[in-house]
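The values are calculated or read from the model by the stated rules, or taken from the named source; none is laboratory data. All of these numbers come straight from a predicted model, not from anything done at the bench. Reconstructed Cβ throughout: ideal geometry from the backbone, glycine too, with neighbour counts over all protein chains shown.
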């Protein structure tokens, strides 16, 4: 696991060392320039100090002002005859070029100063490695105190980084000590500005979790309440079946028990479907290209036997084959199936149920209209709630059909409208953003 403190320490110390290296290079360069100026001045002064010396067979060797400077001396007379050479092994050239020059030899570069004085030419030379060593020593002496305090600087950085990360430690402790059901927002007091986005994101997550848990609790409470009635009815029907005195009563009781089981199974299936369509309950989002006209034809074919049994004229008015959306095909089949199933159930015999797919106002609309009793405008919002059934309703049902439709529409960001149909019944319209048409 990566440590933020260790990473910051390594990064900051690395930056400090890099700055020291750059400073060392700059210090070395400046020291080299100054040493070159001083040494050039010494070479010139030393050369000028030799003008009154007598050469040929000198009584004593000429001594450089400082042996560590490793200065080499050559002297020629006016005819080019060398009168003196302090270091016979030197690789310096036999001719002098007046002034300052830098000569490259097999032993490295040399700094040379040559000057004509009276009837002779004096040349003094010094290896550049001497100057480089002096400059490096000066730079090292300058940076040595800084290098010695690097461990202390590392400790200070470690302490300061840890102190700066304490608000994150406190925030982690606050989250760790919370109970599973504690969804109150985290306090942002004394939290540094850099950690504010993290606190805001955590508070947003806690808010969404609180909303999801509240919805789950409400769903479980509603489901338990709605399941109590059919389960109690099943228990009573089972008792009636057991108490039946003859075959006719037993068959009637079994028929009632079978219908009760079918209603309970339908309710459970509707509950499971609704749970899967909840935004927080969907484990995956499948978005494919769905031609709504083909989907409508398939759903109409599935519900044709149910419509024929009730004497309902089930058909389509408009099916636009260019009406294509990006959506979960299974969810759209569930949506349209619930709309058509509700329309057939609540439409009286000899009535009609029409399905339409069309483009309108930059949306692709899926519409189901019926000639049933319709829903009063004041109740159109409430019928979208779970388990709500408007007064005077005789058809059996769970009150979840339109709630499932609303959940699927919300999941896909679609518009859901309930209107009066042309025949006085209900028209449900669901508008989706269109997908590009593929021929």
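This table checks each residue for (1) part of a helix (DSSP H, G or I); (2) over 25 Å from residue 182 (Cα atoms); (3) in contact with a strand residue (DSSP E or B) (Cβ under 9 Å, 6 or more places away or on another chain); (4) modelled with pLDDT under 70.
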position: 206; (1), (2), (3), (4): yes, no, no, no
position: 227; (1), (2), (3), (4): yes, yes, no, yes
position: 232; (1), (2), (3), (4): yes, yes, no, no
position: 250; (1), (2), (3), (4): yes, yes, no, no
position: 258; (1), (2), (3), (4): yes, yes, no, no
position: 264; (1), (2), (3), (4): yes, yes, no, yes
Might you let me know whether region 416-424 holds any residue that is surrounded by 20 or more Cβ atoms within 10 Å (Cβ to Cβ), modelled with pLDDT of 60 or more and within 20 Å of residue 370 (Cα to Cα)? yes
Read through the list (1) modelled with pLDDT under 85; (2) in contact with a strand residue (DSSP E or B) (Cβ under 9 Å, 6 or more places away or on another chain), then give the number of the only condition that residue 371 fails. (1)
Within region 136-147, is there a residue that is in contact with a strand residue (DSSP E or B) (Cβ under 8 Å, 6 or more places away or on another chain), closer than 30 Å to residue 70 by Cβ, surrounded by 15 or more Cβ atoms within 10 Å (Cβ to Cβ) and in the same structural domain as residue 95 (by TED's automatic domain parsing)? no
Would you check if there is a residue in region 394-409 being in a loop (DSSP other than H, G, I, E, B), at pLDDT below 85 and surrounded by 20 or more Cβ atoms within 10 Å (Cβ to Cβ)? yes
Is there a residue in region 340-348 that is loosely packed, with under 14 Cβ neighbours inside 10 Å, under 19 Å from residue 421 (Cβ atoms) and either without any contact (Cβ under 8 Å) to a residue 60 or more places away in the chain or touching a helix residue (DSSP H, G or I) at 6+ places or on another chain (Cβ under 7 Å) (or both)? yes
Residue satisfying all of: in region 111-169; in contact (Cβ under 8 Å) with a residue 40 or more places away in the chain and part of a loop (DSSP other than H, G, I, E, B); farthest from residue 43 (Cα to Cα) among these: 165
Can you spot a residue in region 173-181 that is assigned to a helix (DSSP H, G or I), without any contact (Cβ under 8 Å) to a residue 24 or more places away in the chain and surrounded by 11 or more Cβ atoms within 10 Å (Cβ to Cβ)? yes
Hey, among the residues in region 109-120 that are modelled with pLDDT under 85 and either touching a strand residue (DSSP E or B) at 6+ places or on another chain (Cβ under 7 Å) or surrounded by 15 or more Cβ atoms within 10 Å (Cβ to Cβ) (or both), which one's nearest to residue 50 (Cα to Cα)? 120
Which numbered condition residue 115 misses (of (1) under 24 Å from residue 30 (Cβ atoms); (2) in contact with a helix residue (DSSP H, G or I) (Cβ under 7 Å, 6 or more places away or on another chain)): (1)
Could you grab the pairs with beta carbons closer than 9 Å, sequence gap of 6+ or different chains, first residue in region 227-244 and on the phi > 0 side of the Ramachandran plot and not assigned by TED's automatic domain parsing to the domain that holds residue 265, second one surrounded by 13 or more Cβ atoms within 10 Å (Cβ to Cβ) and modelled with pLDDT of 65 or more? none
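Yes/no matrix, rows are residues, columns are (1) loosely packed, with under 11 Cβ neighbours inside 10 Å; (2) at pLDDT 85 or above; (3) assigned to a helix (DSSP H, G or I):
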site: 6; (1), (2), (3): no, no, yes
site: 12; (1), (2), (3): no, no, yes
site: 23; (1), (2), (3): no, no, yes
site: 51; (1), (2), (3): no, no, no
site: 55; (1), (2), (3): no, no, no
site: 88; (1), (2), (3): yes, no, no
